[in-house]
Amino acid sequence: MHRGWPERWWTTALVALVLAGIVAYDIWWAAGILAEPVVDWWGLLGPCLGGTWFALLAVSAVDRSIALRRKTRAVPGETQAGP
């Protein structure tokens, strides 16, 4: 296990998918705020910062999922770089 991440690539991919869903919701929320006649800029700050944070977490989860997938598909007998 790597710092709390799941050991299976598909579980990490599901985590990335859930995080991407949260990002999509934050974008929808921000678009709703921007569609109002008077924009609440402080209200827009929450979904923008939250969406950015969850997007970064989703990218990290995708990267981890790809690394785990490559590790499981390694050909026996070949040397692998890294731990």
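The values are calculated or read from the model by the stated rules, or taken from the named source; none is laboratory data. From a predicted model like this one, the values you see are computed outputs, not experimental measurements. Cβ placement follows ideal geometry from the backbone for every residue including glycine, while neighbour counts extend to all protein chains displayed.
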- For the range 11-40, how many residues meet the condition of being touching a residue at least 24 places away in the same chain (Cβ under 8 Å) and either closer than 15 Å to VAL59 by Cα or among the hydroxyl-bearing types (Ser, Thr, Tyr) (or both)? 8
- Message: I'd like the full set of residues that are assigned to a helix (DSSP H, G or I) and of a type in the set (Gly, Ala, Ser), limited to the range 25-57.
- Response: ALA30, ALA31, GLY32, GLY43, GLY46, GLY50, GLY51, ALA55
- Among the residues of the range 47-56, is there at least one that is surrounded by 10 or more Cβ atoms within 10 Å (Cβ to Cβ), closer than 16 Å to ALA20 by Cβ, of a type in the set (A, V, I, L, M) and modelled with pLDDT of 90 or more? yes
